[in-house]
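Chemist: A single structure is presented below for examination.
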Amino acid sequence: METSDLTTIKNQLVERRQRLQQSANQISDSESLYGLLREVDAALERIDKGSYGICEVCHDTIERDRLLVDPLVKVCLDHLSYDQQKALESDIEYAIKIQRGLLPPKDIKLNGWDFSYSYNPAGHVSGDFCDLIPAKDGSMSFLLGDVSGKGIAASLMMSHLHALIRSLLLFDLPVSEIVQRANRLFCESAISSNYATLVFGKASQSGEVEICIAGHNPPLVLRKEKITSLKATGVPVGLFCESKYDVHKFTLDTGDYLLLYSDGLTESSINNIEYGEERVKSQFKLAANQSPESLIEMLLSDHKNYLKDTLPSDDITLAVIRKV
């Protein structure tokens with residue numbers, strides 16, 4: 001593991017030990033707490049000896065994401081006990097249900113806009129997220145993001161960031177301030193190795209769009225067969241607590257499109273050659289008069305043909321918004 005990860009985990013273990021000790025002193029039946037204390041002490045000892053993160057059975061490396069979620073883990077996935085395997089399977093099932101429950105309806109027609117998306121985890125769960133939230137004034141907020149890492153750890157952080165943004169929408173803040181506050185809250189509540197790229201924006205009924213891009217892949221705007229690539233307006237959320245964010249402001253007319261996508265689309269490769277943004281653009285130009293769902297199907301079909309028999313190694317999420 002990286003030194004920064006070990007330092008983070010050690011600090012977490014020390015803090016948890018202090019809290020366990022306080023609880024054990026206040027609870028009469030505290031044998032289970034003392035058992036946890038012994039496990040924490042053993043983990044701290046492994047860190048000091050340089051053996052932390054090594055499977056006790058096969059002596060191979062334990063998965064980093066699992067250690068960041070549960071620093072007391074002592075064996076790799078291949079050597080979980082039967083009960084541990086069943087518990088992990090149950091956790092994954094719950095994580096899948098939670099993630100699916102956070103997604104918006106598949107195809108939405110709302111206040112002069114058509115919206116559709118595709119959500120394709122590379123594994124059971126994903127660090128990608130996507131949402132569309134209507135407001136009382138007839139506008140709508142949209143977001144698409146990608147949390148660093150994979151597996152359950154990434155999915156948990158995704159759910160956390162998603163909930164932060166949803167909560168901030170209740171205060172009717174400007175687009176840039178919502179991202180700035182989400183960044184600060186995420187930064188203060190997540191471990192140092194967690195960050196997320198994000199696109200967050202608002203679209204009015206008349207076609208005005210404001211969009212903030214926190215280190216994410218450039219969204220693409222298609223107007224009358226001309227494509228504009230929107231550059232980032234700030235760094236990924238979670239890197240620095242006091243980051244500032246700007247916004248792009250533009251207007252979409254009837255028949256114009258906005259495409260958002262995660263890097264699993266462009267960074268998929270065959271023979272070390274990535275699918276790439278330019279290929280996305282060339283397909284996007286063919287979108288004239290197509291519905292958002294048809295455009296997504298076309299992009300994913302071309303992407304599949306490009307990879308041939310190779311499966312994507314990362315989550316792929318796309319969203320298309322069209323002014324009607």
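The values are calculated or read from the model by the stated rules, or taken from the named source; none is laboratory data. Because the structure is a prediction, the values reported are computed rather than measured. Here the Cβ positions follow ideal geometry from the backbone for every residue, glycine too, while neighbour counts run over all protein chains shown.
Chemist: Taking segment 279-294 as the search range and keeping residues that are among the hydrophobic types (A, V, I, L, M, F, W, C) and modelled with pLDDT under 95, which one is farthest from Tyr257 (Cα to Cα)?
Modeler: Residues of segment 279-294 that are among the hydrophobic types (A, V, I, L, M, F, W, C), as a first pass: 280, 284, 286-288.
Filter again for modelled with pLDDT under 95, leaving 284, 286-288.
On the way: Phe284: 9, Leu286: 12, Ala287: 9, Ala288: 9 Å.
It comes out as Leu286.
Chemist: Looking at (1) part of a loop (DSSP other than H, G, I, E, B); (2) surrounded by 13 or more Cβ atoms within 10 Å (Cβ to Cβ), can you tell me which one His59 breaks?
Modeler: The number of the failed condition is (2).
Chemist: Limited to segment 140-156, what total is found for residues that are modelled with pLDDT under 95, over 9 Å from the mean Cα position of the chain (by Cα) and either hydroxyl-bearing (Ser, Thr, Tyr) or closer than 21 Å to Gly207 by Cβ (or both)?
Modeler: 0
Listed here are the residues, each with its yes/no results for (1) surrounded by 15 or more Cβ atoms within 10 Å (Cβ to Cβ); (2) closer than 28 Å to Leu6 by Cβ; (3) not assigned by TED's automatic domain parsing to the domain that holds Phe284.
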{"site": "Gln180", "(1), (2), (3)": "yes, no, no"}
{"site": "Asn183", "(1), (2), (3)": "yes, yes, no"}
{"site": "Gln205", "(1), (2), (3)": "no, no, no"}
{"site": "Gly215", "(1), (2), (3)": "yes, yes, no"}
{"site": "Pro219", "(1), (2), (3)": "yes, no, no"}
{"site": "Val235", "(1), (2), (3)": "yes, yes, no"}
{"site": "Phe240", "(1), (2), (3)": "no, yes, no"}
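Chemist: Now for a separate question. Tell me which residues, restricted to segment 278-324, are acidic (Asp, Glu) and over 30 Å from Gly138 (Cα atoms).
Modeler: Listed by number, the residues that qualify are Glu278, Asp302, Asp309, Asp314, Asp315.
Chemist: So, one more: Need pairs with beta-carbon distance below 7 Å; first residue under 14 Å from Ile98 (Cα atoms) and within segment 121-138, second in a strand (DSSP E or B) and β-branched (Val, Ile, Thr); sequence gap 6+ or separate chains.
Modeler: Here the result reads Gly127/Val147; Asp128/Thr317; Cys130/Thr317, each pair linking segment 121-138 to a residue that is in a strand (DSSP E or B) and β-branched (Val, Ile, Thr).
Chemist: Restricting the search to segment 284-324, which residues are surrounded by fewer than 16 Cβ atoms within 10 Å (Cβ to Cβ), closer than 14 Å to Ile227 by Cβ and either touching a His at 6+ places or on another chain (Cβ under 8 Å) or not small (Gly, Ala, Ser) (or both)?
Modeler: Of everything in segment 284-324, those that are surrounded by fewer than 16 Cβ atoms within 10 Å (Cβ to Cβ), closer than 14 Å to Ile227 by Cβ and either touching a His at 6+ places or on another chain (Cβ under 8 Å) or not small (Gly, Ala, Ser) (or both) turn out to be Lys285, Leu286.
Chemist: Give segment 130-148 a look and list any residue that's crowded, with 21+ Cβ neighbours inside 10 Å and over 16 Å from Ile321 (Cβ atoms), or say none. First the steps, then the outcome.
Modeler: Quick first cut of segment 130-148, residues crowded, with 21+ Cβ neighbours inside 10 Å only: 130, 132, 140, 142-147.
Selection gives Asp146, Val147.
Chemist: When you go through Leu168, Leu173 one by one, which is the residue that is in contact with a helix residue (DSSP H, G or I) (Cβ under 6 Å, 6 or more places away or on another chain) and either of a type in the set (Gly, Ala, Ser) or surrounded by fewer than 21 Cβ atoms within 10 Å (Cβ to Cβ) (or both)? Outline the logic, then answer.
Modeler: Details: Leu173 fails: in contact with a helix residue (DSSP H, G or I) (Cβ under 6 Å, 6 or more places away or on another chain).
None of the other options fit; the residue is Leu168.
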